[in-house]
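Down below is the structure, laid out as structure tokens.
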Amino acid sequence: MSKIVIKLDEHTFASPDRIERITKKIINEKNNGFEVVVVVPFIHLIDEKLRQYAFTLSENPIQRELDSIRSTNTQITSSLLTIALNKRGYNAVSLTGWQAGISTITPNRNVLIEHIESENILSHLRNGEITIIAGGQGIDENNNITLLGEGGVETTAVGVAVAIDAERVEIYTNETGVFTADPKIVKDAHQIKQMSYDEMLELSLLGSKIIHPRAVELAKKYNMTIVIGSSTENVPGTVIKGEVEMERNLIVRGIAYETDIIRLTVGYDSYEQASLASLFTTLADNNINVDIIVQAVIDGVKPTVSFSIDKEVFAEAIKVLEMNKQLLGFSFADFEVGLAKVSIVGSGMVSNPGVAARMFDRLKNEQIQVKMVSTSEIKVSVVVPQDDMVRAANALHDEFNLVEELV
């Protein structure tokens, strides 16, 4: 019998009525002949209440105990769903991360799945039980409960699917699938039928929040099909897989954006004083992620290095630069706020030269200033004034014919 893994979103558990509705979709999959595993998410409302209790008792609670407290969050949601399924006459069982056999490691302070011993999950499936797993958690070599962090629930779903040799992973969201752009800012955005892993990974890294890059990377590694669809509507979702059929031979498949980008510029008195390795190693050692990098070295002009960072790390980045100014050898640091990043993504770019030129030409015609540029084989990103972000996204959506109905 074929197996599927379903990952639910937080909105599914907003009320008892919504839990009842999602049980019907799960039961439909069971009645269609699938063995079903469901991975449930954290509920932020529950999480915040639990954290309040902990910080009432201590200003600096131990991380191990905070992880144990937070792990009960998804255990609660898995039990609630199990109860709802049992009420409808279906055998279901809830499992914690460790009961599901999820072992973790923590290299570089990031908790990762090391191995999933799937026998317990498979045993419950053989018994005809719908198996509900608390997502985003596991157990380390010292039997401590660990949390997988951002994207951990989706990564759990993909990891479990690989471990039990499932046919696919279904990611239930508020949307019916992946769109050519965010429908909130591009009114003509349409749902995409299929996307490659690489295209979805780029969109996720560039600001799309529909699925975390960690989950896409894992799915690509093991060639696990993902279907992103609606938790409420019974309509086909977007299939994420290795090879896809090009829709009308579109070169660009999607538009993504990120707000609150800051450009930092570091200047040197001479080229000999400029060391990119020292600069970016220092920033990395302080957990400051840098995105687009532009170096300017021109005869007769003092060299500069500009790079973009997220607003959340701006204050820390300035602090780190000031503390290490003498070591890094720069003479000044400047910044520009009020920026956004807009990106186009499509695997068709590889074999179609001139895509970037079209992008720049359209933005020029729209009188939108391009501050920075970054490219790869299947994406082009530009940093523009944030006030122009929505206009830029809509213009590029139109330029690359994404306003057409996809067949």
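Treat every Asp and Glu Cβ in the chain as -1 and every Lys and Arg Cβ as +1, leave all other atoms uncharged, and give the resulting dipole magnitude about the Cα centre to the nearest 20 debye.
It works out to roughly 740 debye.
I'm checking a number: the convex hull volume of the Cα atoms of the chain, normalised per residue, in Å³. What is it?
Residue-normalised Cα hull volume stands at 166 Å³.
If you take the beta carbon distance between ALA333 and THR232 as r and set R0 to 45 Å, what does 1/(1 + (r/R0)^6) give as a FRET efficiency, to the nearest 0.05?
0.40
Taking the Cα centre of the stretch 164-291 as origin, work out the dipole magnitude from +1 charges on Lys and Arg Cβ and -1 charges on Asp and Glu Cβ, in debye rounded to 20.
Computed about the Cα centre, the dipole is about 300 debye.
Angle check, please: helix 276-285 long axis (alpha carbons) against the longest principal axis of the chain (alpha carbons), in degrees 0 to 90, nearest 10.
Between helix and principal axis, roughly 30 degrees.
If neighbour count is taken as other Cβ atoms inside 10 Å, put SER230, SER78 in order from fewest to most.
Starting with the residue having the fewest Cβ neighbours, the order is SER230, SER78.
So what's the gap between the Cα centers of the stretch 85-110 and the stretch 1-62, to the nearest angstrom?
11 Å
Report, largest value first, the span of the C-alpha coordinates of the stretch 219-317 along each principal axis, in whole Å.
Rounded to whole Å, the extents work out to 61, 32, 28 Å.
If neighbour count is taken as other Cβ atoms inside 10 Å, put LYS371, LYS341, LYS24 in order from fewest to most.
Ordered from fewest to most neighbouring Cβ atoms within 10 Å, LYS371, LYS341, LYS24 come out as LYS24, LYS371, LYS341.
Rounded to the nearest 20 Debye, what is the dipole magnitude of the stretch 10-61 about its Cα centre when Lys and Arg each give +1 and Asp and Glu each give -1 at the C-beta?
Roughly 200 debye for the stretch 10-61.
Where does the chain land at 222 nm, in deg cm²/dmol rounded to the nearest 500, when only DSSP H runs of n ≥ 4 count, each adding -39500 (n - 2.57), divided by all residues?
For the chain, the value works out to -10500 deg cm²/dmol.
Could you work out how far helix 389-399 tilts from the main Cα principal axis of the chain, as a 0 to 90 degree angle to the nearest 10?
Orientation of helix 389-399: about 80 degrees from the principal axis.
Given the pairs LYS30/LYS241; LYS184/LYS209; LYS7/LYS187; LYS184/LYS241, which are separated by over 18 angstrom at their Cα positions?
The pairs that break the limit, which is 18 Å between Cα atoms, are LYS30/LYS241; LYS7/LYS187; LYS184/LYS241.
From the residues ILE43, GLN369, PRO353, which one has its Cα farthest along the dipole of the chain in the positive direction, the dipole being from +1 and -1 charges on Cβ of Lys/Arg and Asp/Glu about the Cα centre?
It is ILE43, whose Cα lies furthest towards the positive end.
Considering only the chain, what is the antiparallel percent among its DSSP beta bridges, to the nearest 5?
The antiparallel proportion sits near 65 percent.
Each value in this text was obtained by applying a stated rule to the coordinates, not by laboratory testing. All figures in this text were calculated on a predicted structure; none of them were measured in a lab. Cβ atoms come from the backbone with ideal geometry, glycine included; neighbour counts cover every protein chain shown.
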